[in-house]
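Peer 1: Structure in C-alpha cells, see below.
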Amino acid sequence: MFRPKIPTMPTPTGHVTPPALVEPTTVVPAAQTFTPAPVAPAPASSRPTVQLTPGTALALVGGGTAVVLVVGAVLVSMLLAVAITGASVAVCAVVLRSLLTSQHRR
C-alpha cells in the first residue's frame, strides 16, 4: 500500500516504420508595405487606473495578514530569546555574587 507504483515503459506493438525524409524548402519574402495606424496623443496628466476586483482585494488582505503574522511571530520569538538570556545572566550573577561573598566570610 505504501510502495510507490513505478509505471512501466510501453513497448511498441505492430510494425514500426522509420520517419519519412523531409526536404527543406526555401522561403522567399514578398514585398509588403505597411501603413502605421494613427496614434492619438495621450494627455500629460493621465495615469493608468488600477482596478481592484474582489478576488485581488481578498488576495491582498490575505497576503498582508500573512506578512503581519510572520513578522509578529519573529519579533515575539526574538523578544522571548532576549528575556530568557537576560534571566539566565541574572541568575548567573546572583550565584557568582553569593559564591564570592561566602568565600570572603571564611
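The values are calculated or read from the model by the stated rules, or taken from the named source; none is laboratory data. No experiment lies behind these values; they were computed from the predicted model shown. No Cβ is skipped: glycine too gets one built from the backbone with ideal geometry, and neighbour counts run over all protein chains shown. What goes into the accessible areas is simple: the full protein's heavy atoms, side chains included, and nothing from ligands, DNA or RNA. Shrake-Rupley method; radii C 1.70, N 1.55, O 1.52, S 1.80 Å.
Peer 1: Starting from segment 43-55, keep only residues that are part of a loop (DSSP other than H, G, I, E, B), then list their pairs with residues that are open to solvent by 100 Å² or more (accessible area, probe 1.4 Å) and modelled with pLDDT of 80 or more whose Cβ atoms are within a distance under 9 Å, requiring at least 6 positions of separation or different chains.
Peer 2: Leu52/Leu60
Peer 1: While we're here: Please list, ordered by first then second residue, the pairs with beta carbon atoms under 7 Å, 6 or more apart or interchain, first in segment 14-28 and at pLDDT 75 or above, second open to solvent by 100 Å² or more (accessible area, probe 1.4 Å).
Peer 2: Correct list of pairs: empty, since none qualify.
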